[in-house]
Amino acid sequence: NEELFDALAALMALEPVRYKWNRAQFPERQFPAGEDVGFIAQQVEAVLPEIVSTDTDGFKSVAYSRLTPVLVAGVQRLVGEAEAARAEAQALQARVAQLEAAAAAQGAAAGGAAPGGS
């Protein structure tokens, strides 16, 4: 069970595109009409070669279902980073509250007004 590589780096290297299939040049391939969205297989191959295949005519295709584990790993990493940032923010908020309380106590002990007061 090998750990997945840096999924976020791979995902960030991919460039989603909107395109139209060249049906006139390749009628035998029966490409769908209209616009489509996806990735350029040659670009994906440079980043994730294991999800790109090349047929006998040299046409490349992306196995989009094989992108799912990379997407899940990327989301998991982002969630982990968000949780760590949230925990750090909470710790900093607690520290600020402690410092404000200490400053208020120090000000009260000195007979002055609490910081931020009028």
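If R₀ is 30 angstrom, what is the calculated FRET efficiency for the pair A24 and E50, using the beta carbon separation as r and rounding to 0.05?
Plugging the Cβ-Cβ distance into 1/(1 + (r/R0)^6) gives 0.40.
Output wanted: per-residue J couplings in Hz (rounded whole) for the range 51-67, from phi through Karplus 6.51 cos²θ - 1.76 cosθ + 1.60, θ = phi - 60°, x for Gly and Pro.
Calculated HN-Hα couplings, in order: 10, 10, 10, 10, 7, 5, 8, x, 6, 9, 9, 9, 8, 4, 5, 7, 7 Hz.
As a test of the formula, what do you get for the chain when each DSSP H run with n ≥ 4 contributes -39,500 (n - 2.57) and the sum is divided by the residue count, at 222 nm and rounded to the nearest 500 deg cm²/dmol?
Rounded to the nearest 500, it is -16000 deg cm²/dmol.
How big is the chain by Rg and Dmax over its Cα atoms, in Å?
27.2, 89
Would you mind finding the longest exposed-site-free stretch of the chain, with exposed chymotrypsin sites (Phe, Trp or Tyr not before Pro) meaning DSSP loop and at most 15 other Cβ atoms within 10 Å?
Between the exposed loop sites, the longest stretch runs 60-118.
Using a Förster distance of 25 angstrom, determine the FRET efficiency expected from the C-beta separation of E35 and A9, and round it to 0.05.
Calculated transfer efficiency: 0.30.
What is the distance, in nm, between label points placed 7 Å from the Cα along the Cα-to-Cβ direction at A94 and at V75?
About 3.0 nm, to one decimal.
Each value in this text was obtained by applying a stated rule to the coordinates, not by laboratory testing. Please read all numbers here as calculations on a predicted model, not as lab measurements. Here Cβ is always computed from backbone atoms with ideal geometry, including for glycine, and neighbour counts include all displayed protein chains.
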